[in-house]
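Worksheet: the structure to be examined is printed underneath.
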Amino acid sequence: MHYKVVFDITQTVPEWRFPAFGLIFVVIGIFLVFLRRKGVAKTGKLFPEVYLGFALLWTTFAAWSVLTSYYTAKSALELGKNEIIEGTIENFHPMPATMMKDSLWVGSSFLTLTML
């Protein structure tokens, strides 16, 4: 019988795309602050700084949450606090690209699992 590893934390890297998306808004915020200080932009007095501050906070929180979950899973594996699920997978329905639905599968020797 052919077996395939579905997920292995040791073979992955943290999901960097989510926090990296926030860097776009950090760059926009820096640009807004620069334009206002040069006198080119006619925005409110605090808008560029507030925008930049929010973008920095959001990006920092996003990076922190991604890295925390990644390193928690990785340390659980290293400390032996993980579970290995083995068995035949049937009726596998992957998460669609729109991410509006969860992945779902049924295993013959274990419970139905839903991956969030």
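Of all chymotrypsin sites (Phe, Trp or Tyr not before Pro) in the stretch 1-81, which ones are in loop regions per DSSP and have a Cβ with at most 16 other Cβ atoms within 10 Å?
Tyr3, Phe7, Trp16
Can you tell me which lysines have their Cα less than 28 Å from the Cα of Lys4? Leave out same-chain residues fewer than eight positions away.
Lys74, Lys81, Lys101
Within 10 Å of each residue's Cβ, count the other Cβ atoms and sort Val40, Val66, Val50 from fewest upward.
So the residues, fewest neighbours to most, are Val40, Val50, Val66.
Given points 7 Å out from each Cα along the Cα-Cβ axis, report the Leu56 to Ala41 separation in nanometres with one decimal.
With each label placed 7 Å out from Cα toward Cβ, I get 1.4 nm.
For the stretch 38-93, state which GluC sites (Glu not before Pro) are in a DSSP loop and have at most 12 other beta carbons lying within 10 Å of their beta carbon. All intermediate terms of the calculation are to be shown ahead of the outcome.
On the way: sites: Glu49, Glu78, Glu83, Glu86, Glu90; in loops: Glu83, Glu86.
Hits after loop and neighbour filter: Glu83, Glu86.
The numbers here are math on the coordinates, done by the rules we state, and not lab data. All of these numbers come straight from a predicted model, not from anything done at the bench. Note: ideal-geometry Cβ built from the backbone for every residue, glycine included; neighbour counts use all protein chains shown.
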